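The values are calculated or read from the model by the stated rules, or taken from the named source; none is laboratory data. Remember, predicted model here, so these are calculated numbers, not experimental data. All Cβ positions, even for glycine, are placed from backbone atoms using ideal geometry, and neighbour counts span all protein chains on display. Accessible surface areas use protein heavy atoms only, side chains included; no ligands, DNA or RNA. Shrake-Rupley method; radii C 1.70, N 1.55, O 1.52, S 1.80 Å.
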Amino acid sequence: YRGGVENDDVALQAGLDYAFQNGVSVGYWGSTLDYDLSDENKDQGFEHDFYVAYGNQINQNWSYKVQGAAYYYQNGGTVYADNGDKRKTTAFDVLGELVYKDLTLAASVMLADASFANAGDMYLSAAYSYALPQNFMLNTSVGASIYNSSRDDSIIETKNDVAFNEARIGVSKEIANTHATASLDYVVGGKDRFDTDFDDQVVFGLNFNF
């Protein structure tokens, strides 16, 4: 997640999207986790993400999308600090995305305080894809965050107001006569708001679409 490792175990994930002809789409994505946001003694959990979006093509080269999303952690509830500070684990954000040919620029803003973020936190990203021979795709991206430290408390104590989170470079390819796409990425880890150093990672992905 934005440069950091979310799950050290194998995760089962699934998503379902439905797009209307008028540009509106709704979707769900879920994943098993090896932690519970509200109980550090538990080594398992589940994340549910729900979103609604609207996108359209401006012309042959330009398109855009706006999206609102809710992140719900099953049985997550509330996180409490010793001094009485508390935060919900559920989070909400809005995303704006502008696409020019193979270049995508995006910004998302957190709408409310959560156990892992402050309202007003912003994540900025840029991604570029390039077609290679033999139907391979070169995929690159970079992401950074601007953190709203003015809403810090004993649960969130920001050390970096601005942080480079990650850069990625990799290749992907659709597997002929299947519904699968294989990918291999190298992730250069940056830092987060707590000044945590992220490790570099090699990620192999195999995605099935039905």
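Among the residues of the stretch 140-165, those identified as surrounded by 18 or more Cβ atoms within 10 Å (Cβ to Cβ) and either aliphatic (A, V, I, L, M) or under 25 Å from PHE208 (Cβ atoms) (or both) are SER141, ALA144, ILE156, ALA163.
If the condition is being touching a Phe, Trp or Tyr at 6+ places or on another chain (Cβ under 6 Å) and free of Cβ contacts under 8 Å to residues at least 12 places away in the same chain, then the stretch 180-202 contributes no residue at all. The single residue among LYS88, LYS101 that is open to solvent by 40 Å² or more (accessible area, probe 1.4 Å), within 21 Å of GLU6 (Cβ to Cβ) and either charged (D, E, K, R) or modelled with pLDDT of 95 or more (or both) turns out to be LYS88. If you go through the stretch 1-36 and keep only what is hydrophobic (A, V, I, L, M, F, W, C) and open to solvent by 50 Å² or more (accessible area, probe 1.4 Å), you end up with VAL5, VAL10, LEU12, ALA14, LEU16, ALA19, PHE20, VAL26, TRP29. Here ASN177 meets each of (1) open to solvent by 70 Å² or more (accessible area, probe 1.4 Å); (2) at negative phi with one exception, condition (2).
Looking at SER141, SER129, SER125, SER145, just one residue is over 16 Å from the mean Cα position of the chain (by Cα) and closer than 20 Å to ALA107 by Cα, and that residue is SER129.
Determine whether TYR54 is over 15 Å from the mean Cα position of the chain (by Cα), assigned to a strand (DSSP E or B), more than 21 Å from GLY143 (Cβ to Cβ) and modelled with pLDDT of 95 or more. The answer is yes for TYR54. Going through (1) touching a residue at least 12 places away in the same chain (Cβ under 8 Å); (2) outside any strand (DSSP E or B); (3) open to solvent by less than 90 Å² (accessible area, probe 1.4 Å) one by one, PHE210 falls short only on (3). Quickly run through the stretch 71-99 and pick out the residues that are in a strand (DSSP E or B), of a type in the set (Gly, Ala, Ser) and within 24 Å of SER154 (Cα to Cα). Selection gives ALA91 alone.
Filtering the stretch 64-77 to residues that are at pLDDT below 95 and open to solvent by less than 30 Å² (accessible area, probe 1.4 Å) leaves TYR73, GLY76.
Among all positions in the stretch 114-129, there is at least one residue which is of a type outside the set (Val, Ile, Thr), touching a Lys or Arg at 6+ places or on another chain (Cβ under 8 Å), at pLDDT 95 or above and surrounded by fewer than 18 Cβ atoms within 10 Å (Cβ to Cβ).
Listed by first and then second residue, the pairs linking a residue in the stretch 1-15 that is assigned to a loop (DSSP other than H, G, I, E, B) to a residue that is among the hydrophobic types (A, V, I, L, M, F, W, C) and surrounded by 13 or more Cβ atoms within 10 Å (Cβ to Cβ), with Cβ atoms under 8 Å apart and 6 or more places separating them unless they lie on different chains, are GLY3/VAL187; GLY3/PHE198; GLY4/PHE198; VAL5/PHE198; GLU6/LEU33; ASN7/LEU33; ALA11/LEU33. Which count do you get for residues in the stretch 129-179 that are closer than 27 Å to THR196 by Cα and not in a loop (DSSP other than H, G, I, E, B)? Here the count works out to 20.
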